[in-house]
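Derivation of every value follows stated rules applied to the coordinates shown; laboratory data play no part. For clarity, every value in this text was computed on a predicted model and none was experimentally measured. Virtual Cβ from ideal backbone geometry, glycine too; neighbours counted across all protein chains shown.
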Amino acid sequence: MGHITLTVVVGGKRNASKPAVDNFPILEIADISAAVAFIEPCGLNIPHMHPRASEVLTVVEGVLDTGFLQENGFTTEIDTQLGKFQATVFPMGSMHFQQNPTCDPAIFVAALNSKDPGRSDIATNFFMLDAAVVNATLGFPTTIGGSNIEQFRQPIPANLALGVDTCLQACGLKE
C-alpha cells in the first residue's frame, strides 16, 4: 500500500506537522483544527478515531473510498466513494478510514471541531496491548499463522492475513 502524508498550510507555507496551538495560535480560542492530506495512488489512511472531535472531510483532488463504524451495537459500516469537492462527516469517536482506490494522487482537507481532536490508530494501538489481552480478544490464539489463519481471517486486518498468505505461497504451503 502507498502511504499518506499529512501536511498543513499555515500562512501560505507548508508545515510538516499538524496545526497546533504553538504553530497556529488562533486555535486556542477557535477550538478547531484542520489538516491537508496527500494520499498516494493506492494509499490508505489506516482505520483510526478522533476521541475528542467530529471531522468533516472534503476531497479536493482525486477519489477516496471512505468508511466509518459507530460504537458497539451499530453494526453497519457507512461507506462512500468521494470525488473532487465531495465531503463526508465522521462523528466523534467513530472508527474511520480513507483509501485512494486509483492510480492518481488524492488530496483531502479535514476540519475538526476541537483544537485537540486526538488520533488513535485502531490496529496499531490494539496490538500494543498486553499479549494476553490481544490473545483473549482474538479467541486465545498463541500465534496466527498457516495452521489457523482461516479461523482468524475475519477479525484481523486484511494486510496481516495477506502477509500470512504471501508467506504461505512463498513457502509452497498454499496453492
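Things to note:
- Between THR137 and ALA87, the modelled label-to-label distance comes to 3.3 nm, taking each label 7 Å out from Cα in the direction of the beta carbon.
- Evaluated at q = 0.12 Å⁻¹: base-10 log I(q)/I(0), Debye formula over Cα of the stretch 20-82: -0.44
- Loop-located chymotrypsin sites (Phe, Trp or Tyr not before Pro) in the stretch 17-76, at most 15 other Cβ atoms within 10 Å (DSSP): PHE74
- Once the Cβ-Cβ distance of ALA170 and MET95 is raised to the sixth power relative to R0 = 25 Å, the FRET efficiency obtained is 0.20.
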